[in-house]
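Asks: Dropping the structure in here first, questions after.
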Ligand SMILES: [Zn+2]
């Protein structure tokens, strides 16, 4: 009986040792203390960046402004004039994304202008202004918001005309829903939501505009790592958020930030963004 007790005690100890080994991570990876070589100081002249401005709706001067992100026409014209007066060059988004935006010193004097969403004002107000100023701008549209001809909204015919006259049309999804809250296995009857929002939207726009769509702006600027990966798979060259801060030109950033412009900005603050 005493022998049996001793055996039980030994077994219990053996079990405890086994459990300790099982639950304790002895892997060699953990034992290696990683020493990342971080750059404390980035050479200042390499942190040169080109601001990407983001506008939304433009309203006629006699109409009320209903959102902090909607600008009166005179407000937009003022910004366009400030850009000109400050000697800043408006470059196409494709130039920035393609990395052909000139030398580092030139980049400080460049700006990219983008607009989001399917406002009719893009055709009625923005197009004549863009023609006059000869500023290359990019407009991100979502396909559900594109109306049938004669229905009073922005339609494909208008978009084709804009695209040929200085407003580069790019993709802003199908439905303008927040893509970060869509699960990858959630489906429409016709297929996966993210596949439609990222890939089918691109194909639809390419068919209707007869051009290659290379850029995608996330609805509400919201994204995650999975969405970045899916956007790469869908064939986009760059995607755009509404995160604040500059883009560092010397990095190969797939997801670029934009400065969301509010109608309350003073001239001084606007100049501080574009300079
Ligand atoms: Zn939008």
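Quick note: the coordinates plus some simple rules give every number you see, no bench work behind them. All of these numbers come straight from a predicted model, not from anything done at the bench. Every residue, glycine as well, gets a Cβ built from its backbone with ideal geometry; the counts of neighbours run over all protein chains shown.
Asks: I'd like the FRET efficiency for residue 86 and residue 66, computed as 1/(1 + (r/R0)^6) with the beta carbon distance as r and R0 of 30 Å, rounded to 0.05.
Replies: It comes out at approximately 0.50.
Asks: If you don't mind, another one. Would you order 167, 82, 193 from fewest to most other beta-carbon atoms within 10 Å of each residue's own beta-carbon?
Replies: Neighbour counts put them in this order, fewest first: 82, 193, 167.
Asks: When 220, 195 are ordered from fewest to most other Cβ atoms inside 10 Å of their Cβ, what list results?
Replies: By the 10 Å Cβ count, ascending: 220, 195.
Asks: Mark the label point 7 Å from the Cα of residue 134 along Cα→Cβ and return the residues of segment 63-88 whose backbone N is within less than 20 Å of it.
Replies: Of the residues in segment 63-88, 77-88 have backbone N under 20 Å from the label point off residue 134.
Asks: Let me make sure I get this right: for segment 103-183, a, b and c are the square roots of the gyration tensor eigenvalues over alpha carbons, sorted descending. Under 1.5 in a/c it's rounded, otherwise prolate if a/b > b/c, else oblate. Which is it?
Replies: oblate
Asks: Mind listing the Cα extents of segment 50-274 along all three principal axes, in Å, largest one first?
Replies: Rounded to whole Å, the extents work out to 52, 45, 31 Å.
Asks: Tell me, in nm to one decimal, what length is gained between residue 220 and residue 10 on full extension, where the rule is 0.36 nm per residue of separation less the Cα-Cα distance?
Replies: Full-extension gain reported as 69.3 nm.
Asks: For segment 50-274, what is the relative contact order in percent, using Cα pairs closer than 8 Å and at least 6 residues apart in sequence?
Replies: The value is 22 percent.
Asks: Using Cβ counts within 10 Å as a stand-in for footprinting exposure, how do 3, 63 rank, fewest first?
Replies: Starting with the residue having the fewest Cβ neighbours, the order is 3, 63.
Asks: What is the spin-label model distance, in nm, from residue 124 to residue 229 if the labels are put 7 Å beyond Cα along the C-beta direction?
Replies: Here the answer is 4.5 nm between the modelled labels.
Asks: Between residue 177 and residue 269, what is the FRET efficiency for a Förster distance of 22 Å, r being their Cβ-Cβ separation, to the nearest 0.05?
Replies: That gives a FRET efficiency of 0.10.
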